[in-house]
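Before any comments, here is the structure.
The values are calculated or read from the model by the stated rules, or taken from the named source; none is laboratory data. Remember, predicted model here, so these are calculated numbers, not experimental data. Methodologically, a virtual Cβ is constructed for each residue, glycine included, from the backbone with ideal geometry; neighbour enumeration extends over all protein chains shown. Surface accessibility is based on the protein's heavy atoms, side chains included, excluding ligands, DNA and RNA. Shrake-Rupley method; radii C 1.70, N 1.55, O 1.52, S 1.80 Å.
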Amino acid sequence: MKSKTKWLTALLLLVFGFIVNTHLTTSVEAASKEPVLKVGMEANYPPYNWTQTTNAHGAVPIDGSKQYANGYDVQIAKIIGKRLHRKVVVEKTEWDGLLPALTSGKIDLIIAGMSPTPDRRKAINFSQPYRKSTFVVITNKDSKYAKAKTINDFDGAKLTAQQGTLHYDLIKELKGAKHQPAMRSFSAMRQSLTSGTIDGYVAEDIEYTSYKAVNPNIVAVNLNKMSGFHVDADDSETSIGVKKGNTQLLNEVNSILSTISNKKRDQLMNAAIREQPQAAPAKHENWFISIMRRYGNMILGGVGMTLLLALVGTIVGFFIGLLVGIIRTIPTPKSTGKRWFMKVIDWILAIYIEVFRGTPMMVQAAVFYYGIAQLWHINLNRTVAALIIVSINTGAYLSEIIRGGINATPKGQFEAAQALGMKHSQQMWQIILPQAIRNCLPSITNEFIVNIKDTSVLSIISVSELFFVGTTVASQTFQFFQTYLIISAIYLLLTFSITRIFNFIEKKLEGPRNYNLMANQIQLADPKEAGLEHEQ
């Protein structure tokens, strides 16, 4: 028993150390005396923005990690930060999370190649444009749509664009084009085009310039030159997003942008195209070695964050589920007042279980992280928010598992314990729970494994777990299959190892089911009298 306690203590200390290290990483910049300008971007859209492992070429730190962001957007942000005497820190966020991050005050500006569409203007303010673009359809050279001259030439083409952007709405301008589901990133669209699942995707001309540098087998069909193709002037512009009501910052940004000449902007973009991550591995270098050499630390960081979230979430969720499961199995009190009180408690717990089991974790994370900041101005650390969400979500599932384990215990054991005068709490801790938890261990193991995989949705609140890191690496190396193969192998290794560890623990906990020993512990002369007879 002592060895098991020591093992558990060492494991908890290891987790605690990881949490402390994570918070130190995120708090170093917060402790800086220099005012910070938090800029939101995907850091996954070269040459506008990307992620790298060093601060080369003037990259800036990504908050909450040991990574850096660079690109055209980053250099524009640095000019603004320098004029405002504020240190630029990038908040790496998925595209869908940029608007809620700004409106909730998590970031100061969105500088992410975003167009000031009418719908977005309803939610946030936009600066004057810092770049103007041409819209194109990017397709393969050998595609029959590569030589399209009019909007009617895309009849039957399977086209897509990034989710939540004007690009996707522009597909309707192309007569007869077949809308494919919108995709969350350009890396996903590039992979789909390469694999042939789509015929092309709508983007800006700079996306073509960037992609062409690593894939010479593509062409761009200019849409702006086609008769009948219409797009508003504002939609061809790229602007900086500012929170409504922050007029002072908006005016300052506009004033700074007006001093950046077109020549300077072109120089910044050309530099970004040159410096964007190169896809090709070194000569005679294996693709696996190439990826791990360049991005190994980034991937290991993602593994650590995934394990942290899954482990802490499962442990805390277990205790939440244990508490809820015990409360919901308390016998109905005879007193009318206590009976109604217990009904209210049970009703509240039932709502908790239904809400967290009936809604996706991604939605829960977005509502919790951004909602609390927007409604109550409580700025939670993203890692803390993620741990809370995973723990509460896991608790909802495990509470029903544990309740089922308690209810599956033979009634004779409850009756025997009651006959001995044992209180409900004594019955639970000494007789029922040891059996119920042992019987629930396979389901708890399964929940741990699910948490390892489901943490991928937490990228919506900028948590750089394994899948989010893998997406970043794939988009920058353009080695999609190879990168996702590595990520899949890591997930498999993690789940396989966890399964074997829990199987070992389960075997250790099984042992001989000697209820005669239990009977002696509760000072019974005859174990059969207590209903604790040996199970066959």
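Miscellaneous remarks
- Checked against (1) in contact with a helix residue (DSSP H, G or I) (Cβ under 8 Å, 6 or more places away or on another chain); (2) surrounded by 17 or more Cβ atoms within 10 Å (Cβ to Cβ); (3) at pLDDT 90 or above, Y208 passes all but condition (1).
- Each residue in region 91-117 was checked for being assigned to a strand (DSSP E or B) and more than 21 Å from P129 (Cβ to Cβ), and 2 pass.
- For region 339-354, filtering for residues that are open to solvent by 70 Å² or more (accessible area, probe 1.4 Å) and within 27 Å of A386 (Cα to Cα) leaves 4.
- Residue ranges of helices (runs of 4 or more DSSP H) in region 422-481 with at least 1 members surrounded by fewer than 19 Cβ atoms within 10 Å (Cβ to Cβ): 424-427, 433-454
- Evaluating Q364 against the criteria (1) open to solvent by less than 50 Å² (accessible area, probe 1.4 Å); (2) in contact (Cβ under 8 Å) with a residue 40 or more places away in the chain; (3) not acidic (D, E) leaves one unmet condition, (2).
- Within region 213-252, the only residue that satisfies the criterion of being more than 27 Å from Q276 (Cβ to Cβ), outside any helix (DSSP H, G or I) and acidic (D, E) is D232.
- Residue match in region 299-309 (condition: surrounded by 15 or more Cβ atoms within 10 Å (Cβ to Cβ), at pLDDT 90 or above and within 17 Å of L398 (Cα to Cα)): yes
- Residues being part of a helix (DSSP H, G or I) and either among the hydrophobic types (A, V, I, L, M, F, W, C) or buried (at least 17 other Cβ atoms within 10 Å of the Cβ) (or both) - total across region 118-144: 2
- Residues that are more than 12 Å from I218 (Cα to Cα) and open to solvent by 40 Å² or more (accessible area, probe 1.4 Å) within region 189-201 comprise Q191, S195, G196, T197, listed in sequence order.
- In the set E237, E252, E285, E275, only one residue is open to solvent by less than 80 Å² (accessible area, probe 1.4 Å) and free of Cβ contacts under 8 Å to residues at least 60 places away in the same chain; that residue is E285.
- Qualifying positions in region 167-188 - assigned to a strand (DSSP E or B) and either of a type in the set (V, I, T) or open to solvent by less than 10 Å² (accessible area, probe 1.4 Å) (or both): none
- Of all the listed residues (S210, S255, S192), the sole one being within 16 Å of Y168 (Cα to Cα) and in a helix (DSSP H, G or I) is S192.
- Residue list for region 36-71, filter: among the hydroxyl-bearing types (S, T, Y) and either over 18 Å from the mean Cα position of the chain (by Cα) or part of a loop (DSSP other than H, G, I, E, B) (or both): Y48, T53, T54, S65, Y68
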